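Let me begin by presenting the structure, written as structure tokens, before commenting on it.
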Amino acid sequence: MKESLKPFATGHEELIHDLAYDFYGRQLATCSSDQHIKVFDLDPNTSEWILNDSWKAHDSSVVKVAFAAPEFGHILASISYDRSVKIWEEDFDEQAGSGRRWKRLATISGSQGALYDIAFAPSHLGLRLGTIGSDGVLRIYDALEPSNLRNWTLISELSVLAVPPAANLQSDFSLTWSPSRFSPEKVLVCALDQAFIYVKDKNDRYVMGKMLPEHNGLIRSVSWAPTMGRSYHLIATGCKDGYVRIFKLTESLKGDDGLEDTVKELDAFATNGAYDSEPGSDIQIETLSTHNDHDGEVWKVSWNVTGTILSSAGDDGTIRLWKASYSNKYQCMSVISAQQK
Amino acid sequence: MTLEFGHSSTVSSSNKYLEPEDEELSDIEIPDEYEDEMEYDSNTNAPIIRLKDGPIASGEGRIPISKNGISLKFALSPMDNRGAVYLSSIDGEKPENINTHIYPFQVPGSVNSEAYNRYSEDCFKNFEDILKNKKYKSMSSDLEVGVPSLLKEMKRTKAETLDRHLISLITDLQRLIVTTLDADEVDESEARGFETAITVLNLFRSLNFSRREERIGLLCNWVNRADLLPFEELENEFLSESDGFSNILFWSSLVQRLVMRGLFDEAVTVIGNSGYETLESSDPNLFLFISDFCTLLSSYDSVGFAIDQDAFLEWKQSMCQLRDKFGKIESDPKYQYFGVARQLEILLAIASGSPGVIRENTRAWYEALVAHYLFVLPDPTVIQEFFREYKTQIYSDPTSFTWEAACINLLEGNILSVISELEPQEKCTATYLSVLCEAGGLFEEYLELLGDGNNAYNKRFLENTDSMLKNLALSYFSTQKLIPVGIGILWKMNEPDARQIIAEILPRWYCANTDEFEYCLAICSELRLSATSAQLYKQQGQILKDEGWLLESLNMFSLSGDIGITARKSWELFESALVLGTKVNDRSLEQLIDNPSIEVHPVLRQCISPYAVLAQFYDLKNQGEIELAIGKLVSLIRFPYMQQHCTPLLLAQFVPFLGYSSKGNQSEVLRRVFSPEQLIIIIELLNGFDEKMHQKEPFLETVIEKSRELFEIAVSQRAIERALSNPSDWRTQARKLNITVPRDVKSLITLLRKSIAMEEGHLFLQ
């Protein structure tokens, strides 16, 4: 029988909140309510994960971790209910397992509430990250000076919700960037049961472009698929209402005046990185597919590296893998059950 | 026994030769490696794969896991089709039971083995020529106008080419099956996919592309590969006694099946081993019939008969004559060998091509089909006739895709259906099979049926093979080692969106060596992907840096054209050398500094120049050229673009030089080196830095914070201990001079000021 992948203990003392792979899938970071981050290295010979280091990272539960693109070095970002973002860099001069292997480069404060999600922008946009927290504010930071990753500048602060949710109410927030380098910058932010796409206007400011329709509950997870040559984008959400939804986002560069307008728009995009026309007016959103086969809340959705397979995890204790048929209908092609037989 | 076609279970398709009523055979152990219990999801009918020792305890039916205060989450690895599952909390709540394990998984349907990667590479190499610019499309239709002999020759060449590709595909797949089974690195569903694929390919080859003279042999091979007859085991079972020939089951269950599957040599051998020679004296008549039957079987010319029907009919006539002659034998049930004679009569009838007898005595439709082809008439038309006649009796479960279902579809000409059903099981083989079909013009019939090629459905159909190839390429992008194969497919096909896809996927490739990296750069250059190549340079720079190739790494960063990142990495090198108190150990870097004629990117030379000066300072200091060394140090501190957070550590280098005066020590190495002018410069430098330390600008605050961090790292106990091995390190020298190494920047400034004051005092007194 083929070598089976073995479960392994992380050593966290509380439940894990997040798990992230690095760009090449050779490193894995976990974070937990125990306020620690642990990083594991993949042993390519045995396919086993070896502890690289573990350290106390925050003063409250660490809820998300994210690796930056590899050209910026071994950079890891973490967020916590303690309202801070921390940027870490692997120090190869330090021993693995010493607790000092990951050096804190920066601590970014500013959120008025517990942070829920963090995501690095695709690398062609530079070293940029977005955060969203219970104050309902999307914050975007840039490491403007590449020689100094200790210095992060808040370049945008947008209130996604008119009023932050009451502290006693269940809430969830998430965000994802459009990974495409061939279309203008976009970031999708989910706050409670609403999902907003932010685009840049002609003044290079982030503005709300479009909303994803249909959600009837907290949006638990969102994932933007790599475009891989497609002329449209695919976005998936996992919702408390039990649905996995797949949206198709099409951008039209062509205005009513035909080619001339297109050229103008392209020129504007080339010059400003944004279109001249009304932000979001060139975006059409279509619901491609909805599935409630998890028979309960959907906790996580994620596209694979080519945007051809969507995976979703839900309350039925399964991960479902969805794939489009040749007629572009998404079907569940496989189910991975986490439940013992 | 009557003919029951395709009596297979829905999932397991092995061991069809064992009938429930074959009681005498039922205790023979047949390996059932593919027998497993597949579970299917009740909502979607998708197959369920359970995680080994999964995190959720078994229970009845589906349990909403949130009832236990937990949620199920996962992450997908960007590479090698893997992921990891874990249990998490719901909205920060703390459940009773805490499970902090991670459960890695392999994405179902993805094969991740060295052997499979090699198979994928071999397939691509094999088909590279007909993928180029979608040559398989232009090959599909044959020229109809031209010199007939040339047209015929072209058709023959095309068939030979396609057959050659098909043979390679079969050979590679066979090798894959053997390798993966030997290495035990394949699971049941994968093995089933491979077996189905090889069976489909074998039948496909016998029906298409193969030369006519090969067809009989190929059909026999197909059946015997798909449903292996363990004749040696059966032979041992039936021939355990010396007069094995008298066992009726020997004839009905072994010889008959060997004959119907075209295994004539094996049939003659087992008959020879049955001890029937004893009949020569006891029943010479029967002996002679058996001998004649064996002779005729041995003379079956599967190559010749496929092309020469007259020769076949002549052989068949001989068999009929033997049958007729045999019919005159004693038919008295009291005859000692009545049972054997009866079986021999059936065998003769089968070999004479009696459809009724074949039908009555076969156990599976494919055996019957081959027997028809062998003995009724070895002509392709027989296949159609066979299906017309027996269609209703061939049972195949429409809900499952087994090799039998695939082969029935193939024999009925439903190639597209076979390909589309094979694809989920064995994507690579199915895709290349589609390429062969398209190139061989086997989809022409579908096109004729579809007529208008303009509507969306038909267009999609026309692009089916293209889509499959593209999907195959995309599926390879989830496996590191197959990324070049995926790129190769898109590149060869010359797909319009290939450039964009390649631009997105190339950076995902972890280039393990220079060849791979140069291959990536060549692609970028060919497709004019300048932004991608810049990204690749930066990524490769980081990989080389992690591996300790400093100069090579810096060179990559500079070639990316990103001056900022080159500068950052160069300053990191500078900082590292400053903290270490010595040059970094890199021979290439040293050569570059020592030899200005070595050609490197000008940006790189400029960016590492501060490091070069620092390295020269260390060299001069080691050589005892203190004055020159001090000159280098001063020029470094005064360098207008010096990273200001490095200044304290640069200033710290003065500590041992000023130590002579401050402690009144006399050292061979350390002697008074400062002129009054130099002391003034140091004072100015100190003042400048001190002033900045007291400013409240946000930028300077960061600089001060950074300088504090860097200095504290440099004077940490570990760093001091590490520096002990270097006698010319400022910390080691300070300790030698009984100077306490300052613990922070403020103490350093104080120490320097005091030392300078002492030095000035000495100068004044002199």
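Where a number appears in this text, it was derived from the coordinates with a stated rule and is not lab data. Keep in mind that what you see is a predicted model, and the values were worked out from it rather than measured. Virtual Cβ from ideal backbone geometry, glycine too; neighbours counted across all protein chains shown.
Available extension along the chain between B:Ser318 and B:Ser635 is 103.3 nm, counting 0.36 nm per residue and deducting the alpha carbon span. The simple Förster model, with R0 at 41 Å and r as the Cβ-Cβ distance, assigns B:Glu96 and A:Asn45 a FRET efficiency of 0.60. With the highest mean first, a sort of the peptides B:380-389, B:282-291 on other beta-carbon atoms found within 10 angstrom per residue produces B:282-291, B:380-389.
Spin-label model, A:Glu94 to B:Glu114: label points 7 Å out along the Cα-to-beta-carbon direction sit 3.7 nm apart. Residues of the stretch A:202-226 with amide nitrogen under 16 Å from the 7 Å Cα-to-Cβ point of A:Ile155? Taking a point 7 Å out along Cα→Cβ of A:Ile155, the residues of the stretch A:202-226 whose backbone N falls under 16 Å are A:202-207. Extending 7 Å from Cα along the Cβ direction at B:Arg743 and again at B:Ser588 yields two label points whose distance is 4.3 nm. For helix B:654-663, report the angle its Cα long axis makes with the longest principal axis of the Cα atoms of chain B; keep it between 0 and 90° and round to the nearest 10°. Long axis of B:654-663 versus the principal axis of chain B: about 40 degrees. Shielding of peptide A:20-32 by partners, expressed as the average count of other chain Cβ atoms within 10 Å per residue Cβ, is 5. How much mean residue ellipticity at 222 nm does chain A get from its helices, if each DSSP H run of length 4 or more adds -39500 (n - 2.57) and you divide by all residues, to the nearest 500 deg cm²/dmol? Dividing the helical sum by the residues of chain A leaves -1500 deg cm²/dmol.
Taking the longest Cα principal axis of chain B as reference, the axis of helix B:188-207 is set at about 50 degrees. Checking every one of the trypsin sites (Lys or Arg not before Pro) in the stretch B:245-329 against DSSP loop status and a limit of 13 other Cβ atoms within 10 Å picks out B:Lys328.
Among the residues of A:69-76, the average count of other protein chain beta-carbon atoms within 10 Å of the residue beta-carbon is 6. Counting, for every residue in A:148-155, the Cβ atoms of other protein chains within 10 Å of its Cβ and taking the mean gives 3.
Sparsely packed loop sites in the stretch A:145-251 (the chymotrypsin sites (Phe, Trp or Tyr not before Pro) outside DSSP H, G, I, E and B with at most 16 other Cβ atoms within 10 Å) comprise A:Phe182. Computed from the Cβ-Cβ distance with R0 of 60 Å, the FRET efficiency linking A:Thr250 to B:Gln309 stands at 0.45. Here the relative contact order of chain B, from alpha carbon pairs under 8 Å that lie six or more residues apart, stands at 11 percent.
Put the Cα centre of the stretch A:64-121 next to the Cα centre of the stretch B:729-766 and the gap is 38 Å. About its Cα centre, the stretch A:1-119 has a charge dipole of approximately 180 debye under the convention of +1 per Lys or Arg Cβ and -1 per Asp or Glu Cβ, with nothing else charged. Taking 0.36 nm per residue of sequence separation and removing the Cα-Cα distance, the B:Asp379/B:Ser725 pair yields an extension gain of 115.7 nm.
The residue list B:Gln540, B:Asn81, B:Leu490 was ranked by how far each Cα lies along the charge dipole of the protein assembly as shown toward its positive end, using unit charges on Cβ atoms, and B:Gln540 comes out on top. Each of B:Cys320, A:Cys332 was scored by other Cβ atoms within 10 Å of its Cβ. Arranged with the fewest first, they read B:Cys320, A:Cys332. Taking the Cα centroid of the stretch B:463-531 and of the stretch B:578-617, what is the distance between the two, rounded to the nearest whole Å? Cα centroid to Cα centroid, the span is 37 Å.
Ranking A:Tyr330, A:Asn148, A:Pro44 by how far each Cα lies toward the positive end of the dipole of chain A (charges on Cβ) leaves A:Pro44 at the top. Fully extending the segment from B:Phe387 to B:Asp265, taken as 0.36 nm per residue of separation minus the present Cα-Cα distance, adds 41.1 nm.
Between B:Leu181 and A:Lys341, what's the calculated FRET efficiency when r is the beta-carbon distance and R0 is 25 Å? Round to 0.05. Plugging the Cβ-Cβ distance into 1/(1 + (r/R0)^6) gives 0.45. Seen against the Cα atoms of chain B and their longest principal axis, helix B:550-559 is set at about 80 degrees.
Only the Cβ atoms of Lys and Arg (+1) and of Asp and Glu (-1) were treated as charged; on that basis the dipole of chain B about its Cα centre amounts to roughly 5220 debye. Net charge dipole, the stretch B:228-363: roughly 560 debye, given to the nearest 20, about the Cα centre with Cβ charges of +1 for Lys and Arg and -1 for Asp and Glu. Note on B:Glu572 and B:Gln695: the model spin-label points, each 7 Å out from Cα along the C-beta direction, lie 2.8 nm apart.
Ranking B:Val178, B:Phe287, B:Tyr300 by how far each Cα lies toward the positive end of the dipole of chain B (charges on Cβ) leaves B:Val178 at the top.
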